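Accompanying notes for the structure given below.
The values are calculated or read from the model by the stated rules, or taken from the named source; none is laboratory data. Treat the numbers as computed from the prediction; the structure is a model and nothing was measured. All Cβ positions, glycine included, derive from the backbone under ideal geometry; neighbour counts span all protein chains shown.
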Amino acid sequence: MPNTIIRIEPNGPDGKLKRLDQPFRTEIMATDQPLKHGYRYIDDVERGLWVGVWEATPFTMTPHAMPYNEFMLVVKGSVTMVESSGGETTIRAGESFVNPQGQDGYWKQTEVFRKFSFGFRDPAWQRPANQDAPTVIKLDHNGKLEACPSPAAELLVGPAPVQHAHEWFRDATGQFVAGVQDTTAYRSRTIASPRHDWRHVLAGAVTLTDAVGTAHRFTAGDTFLVPLGVVCDWRCDEYLRTVYCGFQPKSAHAG
């Protein structure tokens, strides 16, 4: 597991994505297999969790149930998610969405497409009785946010900030969430992160300082990940608005 703050790069940490040779299952393909490249910053097989970058040439699938929850921020190109019920949702570069586990539909991509992704598969998931399949959720990055509690006083250095958020998705286990959040200026104390905390900065800037004193600064357009257990503090000297996706194991919920 990574033990440092990670800047998520469109071309991966080495400047070039790796060729991915594992094909999609033949039975869910409506076209030829695409050419795929990618990189995983986290690949936690035990928890069914990953964070990475992925790119593919055009392809289309056939209807099937989504086998995992996946949050995606589109870096390049576009994709249309077609629901088996007939609805369609197109997501373009700069936008983000969630495919919930059990979502019934298919992927239709007509151009080269690249995404940042954060996925989680719940092996115990079952569709609740008498409920329709979950649908694709497209986040509104500029939408209205609701007031939310600021961090606890013992976690702060200085006054509490004013914060707002809108949670667009929470999986059935309560461990995997995605949404949009903003905050006024604040500084946190140095703690071990209780979750995998993925962020894409929409406005403002934030500086995270790790346990050895290295400062990591992120501004609008940057994407980063604070892995579970990484020790750091957060400092916002101005307004900050981010898209977030997080995974907090049940055993860490009290942290």
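Number of residues in the range 36-86 that are outside any strand (DSSP E or B) and polar (S, T, N, Q) equals 4. Taking the criterion of being of a type in the set (A, V, I, L, M, F, W, C) and surrounded by 15 or more Cβ atoms within 10 Å (Cβ to Cβ), the residues of the range 219-239 that qualify are F224, L225, V226, L228, V230, V231, C232, W234, C236. For the range 190-216, taking the residues that are small (G, A, S) and part of a strand (DSSP E or B), the one that is farthest from S117 (Cα to Cα) is identified as A215. Flag: V177 does not match the condition of being of a type in the set (A, V, I, L, M, F, W, C) and either loosely packed, with under 14 Cβ neighbours inside 10 Å or over 16 Å from the mean Cα position of the chain (by Cα) (or both).
Going by the structure shown, is F224 assigned to a strand (DSSP E or B), modelled with pLDDT of 95 or more and either of a type in the set (A, V, I, L, M) or more than 20 Å from E146 (Cβ to Cβ) (or both)? Considered against the rule, which asks whether it is assigned to a strand (DSSP E or B), modelled with pLDDT of 95 or more and either of a type in the set (A, V, I, L, M) or more than 20 Å from E146 (Cβ to Cβ) (or both), F224 comes out as yes.
Okay, residues lined up against (1) in contact with a Pro (Cβ under 6 Å, 6 or more places away or on another chain); (2) on the phi > 0 side of the Ramachandran plot; (3) not assigned by TED's automatic domain parsing to the domain that holds V45:
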{"residue": "M81", "(1), (2), (3)": "no, no, no"}
{"residue": "G87", "(1), (2), (3)": "no, no, no"}
{"residue": "I91", "(1), (2), (3)": "no, no, no"}
{"residue": "Q109", "(1), (2), (3)": "yes, no, no"}
{"residue": "F118", "(1), (2), (3)": "no, no, no"}
{"residue": "H141", "(1), (2), (3)": "no, no, yes"}
{"residue": "E154", "(1), (2), (3)": "no, no, yes"}
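Candidates in the range 240-255 are the residues that are loosely packed, with under 13 Cβ neighbours inside 10 Å and under 14 Å from R47 (Cα atoms); of these, the one that is modelled with the lowest pLDDT is S251. Does A129 meet the test of being hydrophobic (A, V, I, L, M, F, W, C), in the same structural domain as C236 (by TED's automatic domain parsing), free of Cβ contacts under 8 Å to residues at least 40 places away in the same chain and surrounded by fewer than 16 Cβ atoms within 10 Å (Cβ to Cβ)? In short, no. Do we find that G105 is farther than 19 Å from R199 by Cβ and either crowded, with 16+ Cβ neighbours inside 10 Å or among the aromatic types (F, W, Y) (or both) in this structure? When the stated conditions are applied, G105 passes them. A search for C-beta distances below 7 Å between a residue of the range 35-60 that is without any contact (Cβ under 8 Å) to a residue 24 or more places away in the chain and within 18 Å of D21 (Cβ to Cβ) and any residue that is surrounded by fewer than 17 Cβ atoms within 10 Å (Cβ to Cβ) and β-branched (V, I, T), counting only pairs 6+ apart in sequence or on different chains, returns L35/T57.
Every test in (1) surrounded by 20 or more Cβ atoms within 10 Å (Cβ to Cβ); (2) farther than 20 Å from M1 by Cβ is passed by F169 save one, and that test is (1). Among the residues making up the range 132-151, those that are in a loop (DSSP other than H, G, I, E, B), modelled with pLDDT of 95 or more and among the hydrophobic types (A, V, I, L, M, F, W, C) are V136, L139, L145. Every condition in (1) closer than 24 Å to T207 by Cβ; (2) acidic (D, E); (3) not in a loop (DSSP other than H, G, I, E, B) holds for E9 except the one numbered (3). Scanning the range 93-131 for residues being outside any loop (DSSP other than H, G, I, E, B) and over 18 Å from the mean Cα position of the chain (by Cα) gives a total of 6.
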